[in-house]
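Peer 1: Handing you this structure, nothing more for now.
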Ligand SMILES: C[S@@+](CC[C@H](N)C(=O)[O-])C[C@H]1O[C@@H](n2cnc3c(N)ncnc32)[C@H](O)[C@@H]1O
């Protein structure tokens, strides 16, 4: 290897080396998050998602009281801050680390909303100079915790929220269920194609171990659900009023009897978010579609019969970082 080629190889390996540590993953996430949400299309999708918007309208109208001081973590287009202002908040601190905040400021002016104060900063550097009554957020990832919600909410809660203050939504759950995909979307591994018009592709299996994480962690939007083969189970349900970074489980075992015979294509993952015991929303593929993608943890497709026991172990270096998840076929 020439010194130049060796330097190039070290440079190319940097993102992989960084992703091995929690701090490195966090850094990669922050850079990517700021870039993703600078794309107006993301805000198109989120504002167009009636399940999401209607749930927040209901949650904010129910839980933000006249005179409350509110902090909106990751204000984006400003929608949640505007709703809180309309619900009677005396001041809303709208925090946003991306340039979308400029559009949100213009939006507040266009809507005649004067009591939203905009802070262009990362939430962990935000200091409002006062304690707040309510922490508002939509920091929910496709796999619930993967937008670093626990790190960021725990930081704000401990520094900025009044004792007994409210977090909206305050509880988050991550679910998993074995599924068969809808026929046109069924995707056995290429190496499982042993008789494609008489051709056998099982030789491709040798390439599988070298594939990146996305080969087995597939995102669908909307999710092409054929059927759920056994009861869903929560991997984790977290109360953000008390959760601390590091609280999430790192292994989870799913073990359930098959209730509906079919082809097991993998385990699909979704979240539920609660404003209170009666008010929640979910990205479950059993409910109306939302702007969230639904991850599928692929396994080698196989037939299962009603009454079979399905066992699946999820091993997560960090449950908030799906790129650290691993499971057997
Ligand atoms: C999923 S979007 C939600 C936007 C808006 N609240 C809504 O409901 O439409 C999350 C927003 O939070 C911002 N964000 C993420 N983490 C942040 C942090 N730690 N500090 C400040 N802004 C953050 C992103 O740039 C993005 O605009």
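Peer 1: With the checklist (1) in contact with a strand residue (DSSP E or B) (Cβ under 8 Å, 6 or more places away or on another chain); (2) at pLDDT below 95; (3) more than 27 Å from residue 306 (Cβ to Cβ) in hand, flag the one item residue 190 doesn't pass.
Peer 2: Tallying (1) in contact with a strand residue (DSSP E or B) (Cβ under 8 Å, 6 or more places away or on another chain); (2) at pLDDT below 95; (3) more than 27 Å from residue 306 (Cβ to Cβ), residue 190 fails exactly one: (1).
Peer 1: Output the residue which, of all residues in region 125-134 that are more than 9 Å from the ligand (Cβ to nearest atom) and in a loop (DSSP other than H, G, I, E, B), is surrounded by the most Cβ atoms within 10 Å (Cβ to Cβ).
Peer 2: Keep residues of region 125-134 that are more than 9 Å from the ligand (Cβ to nearest atom), which gives 127-134.
Within this subset, residues satisfying the condition of being in a loop (DSSP other than H, G, I, E, B) are 127-131.
Numbers: 127: 10, 128: 16, 129: 6, 130: 11, 131: 13.
Applying the filter and picking the extreme gives 128.
Peer 1: One residue is enough: does region 5-28 have a residue meeting the conditions within 20 Å of residue 126 (Cβ to Cβ), within 16 Å of the ligand (Cβ to nearest atom) and touching a residue at least 60 places away in the same chain (Cβ under 8 Å)?
Peer 2: yes
Peer 1: Say we look at region 135-158 and pick out the residues that are away from the ligand (no atom under 13 Å from the Cβ) and in a helix (DSSP H, G or I); which of these is surrounded by the fewest Cβ atoms within 10 Å (Cβ to Cβ)?
Peer 2: 158
The values are calculated or read from the model by the stated rules, or taken from the named source; none is laboratory data. A quick note: this is a predicted structure, and the numbers were derived from the prediction, not measured. With ideal geometry, Cβ positions are generated from the backbone for all residues, glycine too; neighbour counts draw on all protein chains shown.
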